[in-house]
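Only one structure is covered here, and it is reproduced in the block below.
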Amino acid sequence: MAGGSHAEARDRGAVVAHRGDARLTGDPGPGRDARATALDVLAEVGRGRRLDRAFGVRASAMPPRERRFAQELAYGVVRLRGRLDHLLAAEVRGGLDRLSPGVLDLLRLGAYQLMRLDGVPDYAAVSATVDLARERGEGRAAGLINAVLRALVRNGTGVERFPDRELDAVGYLARYGSHPRWLVDRWLASASVDAVAARIEADNAVPPLFFVPAGDAAEAEGRIAALGGRAQPAGRGSGALRVDEIDPAALLAAVPGWIQDPGAALVARYAHPPTGGIVADLCAAPGGKALYLARRAAYVVAADRSAPRLPPLRDNVARVGARIGVVRARAEEPPVRGADLVLVDVPCTGTGTLRRHPDARWRLSAEAPQEMARVQERILNGVARSIPEGGLLVYSTCALEPEENEERVAAFLESHPDFRIEPPDELDLPDVGDDGLLRVLPERTGFDGAFAARLRRGAAM
């Protein structure tokens, strides 16, 4: 995922923890609307809607402070759902399956405040949740909610209530780490407990706000400082800045550039199109990679198959003033032929971006990586037909699964022997391995995860 609209930027970058903010959360009153909005968002997520979209609609008209609190609650509950459910199951006789979705969401909302928000007194978290239950027609469950949350206050919410990491690593990482057990098992099959624990810890962190300046980075840092914010280079060759203490919408309005995680920025940097070349970015929305590529290219064709995703893409292009044409097209049927470089950021499981999209971990199934691999194979084969001799094809995902990354590239090279891996040797990118592939790991970088392969087409063999 890369640069987005003002609303997307605000939602992705403004998750602010409220520990100690007693002015906002010290009693039920100031946070009443925020709690109600968070509950509405959780209900929509439970019905299958994406968290970012549900929150964007529900919280669009809220005052900034209430909005931040609602975002902390909604995103926090979804992110730590596994941890919350483990604690609640120990206090609910008969287990959580006996509860209605609405009551379970209320319990999760209250438990999250008890577990994570130091600025919310225990009595306020409990009473506000009970009051909200009555307001939402769950009055018959008010006694249960009160009893369960008070039991959590008595018994605590600490790590000692979870499986011991040394004795039951999978149980600890799935429950305390709040990740699906199948995903924990998958990662442990190829990495140590310490490595998987580090990845899960990265997934459970609130993502910072990252920004890629359109012009000189030092000038952008100065403008950000003048707005009262702080900026520092994200590093690892990404060209991105980490920005703190500033509203993302104000940042975009005052400083030329776009919101983009360094993991996504590194894919575009690794692509490294020829200066003055023609580039096609397929699956381009919301446009961050296309904007990055336009720094070197003479012209970029940015295509996406989704009509609703095109207006934010056009907005980003217009705001930055880049040489980019926006079209609707399917990636497997590229709208251009003979481009110097084609980037295809394919649909994927997104397991590298679980901190930014915490609901994805609960939507995915164990079959998802292989299912996505079949989609990716079809797209790659379609794109390959548009690459001229000597042209570049860059395949990328924001997934961490080998079926979608290394195995997908290996299968493509076997069936297309006229392509070879060719990384940009002139760039110093520490996340490019000896095999020439880019791997950005959240636990190693603090960025969203990403993978890319830069492939040159030679003469047919």
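The values are calculated or read from the model by the stated rules, or taken from the named source; none is laboratory data. As the structure is a computational prediction, the values presented were derived from the model and not from experiment. Neighbour counts are summed over all protein chains in view; Cβ atoms, including those assigned to glycine, are modelled from backbone coordinates with ideal geometry. For the accessible areas, the whole protein counts, side chains as well, though only heavy atoms, and no ligand, DNA or RNA atoms are used. Shrake-Rupley method; radii C 1.70, N 1.55, O 1.52, S 1.80 Å.
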Worksheet item: List, please: which pairs have Cβ atoms under 8 Å, are six or more places apart or on different chains, and start with a residue in segment 79-102 that is under 17 Å from Asn146 (Cα atoms) and hydroxyl-bearing (Ser, Thr, Tyr) and end with one that is open to solvent by less than 20 Å² (accessible area, probe 1.4 Å) and in a helix (DSSP H, G or I)?
Response: Ser100/Ala141
Worksheet entry | Residue check, Val206 farther than 24 Å from Trp258 by Cβ and open to solvent by 20 Å² or more (accessible area, probe 1.4 Å) | no
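Confirm whether Arg150 is free of Cβ contacts under 8 Å to residues at least 40 places away in the same chain, charged (D, E, K, R), in a helix (DSSP H, G or I) and out of contact with any His (no Cβ under 8 Å at 6 or more places or on another chain). Working first, answer last.
Values: free of Cβ contacts under 8 Å to residues at least 40 places away in the same chain: yes; charged (D, E, K, R): yes; in a helix (DSSP H, G or I): yes; out of contact with any His (no Cβ under 8 Å at 6 or more places or on another chain): yes.
Yes: the conditions hold for Arg150.
Tell me, please, whether a residue that is more than 22 Å from Asp261 (Cβ to Cβ) and open to solvent by less than 30 Å² (accessible area, probe 1.4 Å) can be found in segment 357-373.
First pass over segment 357-373, keeping only residues more than 22 Å from Asp261 (Cβ to Cβ): 365-367, 370-371, 373.
From what is left, the residues that are open to solvent by less than 30 Å² (accessible area, probe 1.4 Å) are 373.
Yes, some residue in segment 357-373 is more than 22 Å from Asp261 (Cβ to Cβ) and open to solvent by less than 30 Å² (accessible area, probe 1.4 Å).
Scan Leu282, Leu313 and give me the residue that is surrounded by 24 or more Cβ atoms within 10 Å (Cβ to Cβ), more than 15 Å from Leu393 (Cβ to Cβ) and either of a type in the set (Phe, Trp, Tyr) or under 26 Å from the mean Cα position of the chain (by Cα) (or both). Steps first, answer last, please.
Numbers: Leu282 fails: more than 15 Å from Leu393 (Cβ to Cβ).
Exactly one residue qualifies, and that residue is Leu313.
Tell me the residue from Glu414, Glu406, Glu422, Glu389 that is modelled with pLDDT of 95 or more, within 25 Å of Arg186 (Cα to Cα) and among the charged types (D, E, K, R), please. Please lay out each step first, then the result.
On the way: Glu414 fails: within 25 Å of Arg186 (Cα to Cα); Glu422 fails: within 25 Å of Arg186 (Cα to Cα); Glu389 fails: within 25 Å of Arg186 (Cα to Cα).
Result of the check over Glu414, Glu406, Glu422, Glu389: Glu406.
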Worksheet item: Which one of these does Ala218 not meet: (1) surrounded by fewer than 24 Cβ atoms within 10 Å (Cβ to Cβ); (2) touching a helix residue (DSSP H, G or I) at 6+ places or on another chain (Cβ under 8 Å); (3) more than 26 Å from Val394 (Cα to Cα)?
Response: (2)
Worksheet item: Could you say whether any residue in segment 424-438 is open to solvent by 30 Å² or more (accessible area, probe 1.4 Å) and touching a helix residue (DSSP H, G or I) at 6+ places or on another chain (Cβ under 6 Å)?
Response: no
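Taking the options Pro358, Pro334, name whichever one is touching a residue at least 24 places away in the same chain (Cβ under 8 Å), within 18 Å of Val394 (Cβ to Cβ) and in a loop (DSSP other than H, G, I, E, B).
Values: Pro358 fails: within 18 Å of Val394 (Cβ to Cβ).
So the residue among Pro358, Pro334 that is touching a residue at least 24 places away in the same chain (Cβ under 8 Å), within 18 Å of Val394 (Cβ to Cβ) and in a loop (DSSP other than H, G, I, E, B) is Pro334.
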Worksheet item: Which ones in segment 246-279 are open to solvent by less than 30 Å² (accessible area, probe 1.4 Å), among the small types (Gly, Ala, Ser) and over 18 Å from Leu455 (Cβ atoms)?
Response: Ala249, Gly257, Gly263, Ala264, Ala265
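Would you mind stating whether Ala43 is touching a residue at least 60 places away in the same chain (Cβ under 8 Å) and either open to solvent by less than 70 Å² (accessible area, probe 1.4 Å) or not in a helix (DSSP H, G or I) (or both)? Step through it out loud before you land on a result.
Working: touching a residue at least 60 places away in the same chain (Cβ under 8 Å): yes; either open to solvent by less than 70 Å² (accessible area, probe 1.4 Å) or not in a helix (DSSP H, G or I) (or both): yes.
Against the criterion (touching a residue at least 60 places away in the same chain (Cβ under 8 Å) and either open to solvent by less than 70 Å² (accessible area, probe 1.4 Å) or not in a helix (DSSP H, G or I) (or both)), Ala43 qualifies.
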Practice prompt. For segment 330-354, name all the residues that are surrounded by fewer than 22 Cβ atoms within 10 Å (Cβ to Cβ) and under 15 Å from the mean Cα position of the chain (by Cα).
Written response: Pro347
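Scan Arg199, Arg175, Arg181 and give me the residue that is charged (D, E, K, R), touching a His at 6+ places or on another chain (Cβ under 6 Å) and modelled with pLDDT of 95 or more. Working first, answer last.
Numbers: Arg199 fails: touching a His at 6+ places or on another chain (Cβ under 6 Å); Arg181 fails: touching a His at 6+ places or on another chain (Cβ under 6 Å).
Every option except Arg175 fails the conditions.
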Fill in: Cβ-Cβ under 6 Å pairs, at least 6 apart or on other chains, segment 179-192 side open to solvent by less than 60 Å² (accessible area, probe 1.4 Å), far side assigned to a loop (DSSP other than H, G, I, E, B) and among the charged types (D, E, K, R)
none
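May I ask you to verify whether Val279 is hydrophobic (A, V, I, L, M, F, W, C) and more than 20 Å from Arg356 (Cα to Cα)?
Numbers: hydrophobic (A, V, I, L, M, F, W, C): yes; more than 20 Å from Arg356 (Cα to Cα): yes.
For Val279, the condition - hydrophobic (A, V, I, L, M, F, W, C) and more than 20 Å from Arg356 (Cα to Cα) - is met.
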Worksheet entry | Candidate set: segment 71-100, residues that are more than 25 Å from the chain's Cα centre (by Cα) and in a helix (DSSP H, G or I); chosen: the one nearest to Arg175 (Cα to Cα) | Leu87
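Quick check on Arg296: is it touching a strand residue (DSSP E or B) at 6+ places or on another chain (Cβ under 7 Å) and either part of a loop (DSSP other than H, G, I, E, B) or more than 23 Å from Leu429 (Cα to Cα) (or both)?
Working: touching a strand residue (DSSP E or B) at 6+ places or on another chain (Cβ under 7 Å): no; either part of a loop (DSSP other than H, G, I, E, B) or more than 23 Å from Leu429 (Cα to Cα) (or both): yes.
No.
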Worksheet item: Hey, does segment 403-414 have a residue that's under 24 Å from Leu80 (Cβ atoms) and either open to solvent by 10 Å² or more (accessible area, probe 1.4 Å) or not aromatic (Phe, Trp, Tyr) (or both)?
Response: no
Worksheet entry | Of the criteria (1) over 22 Å from the mean Cα position of the chain (by Cα); (2) within 29 Å of Arg199 (Cα to Cα), which one Pro417 fails | (2)
Worksheet item: Looking only at segment 376-402, which residues are open to solvent by 40 Å² or more (accessible area, probe 1.4 Å) and over 23 Å from Asp340 (Cα atoms)?
Response: Pro402
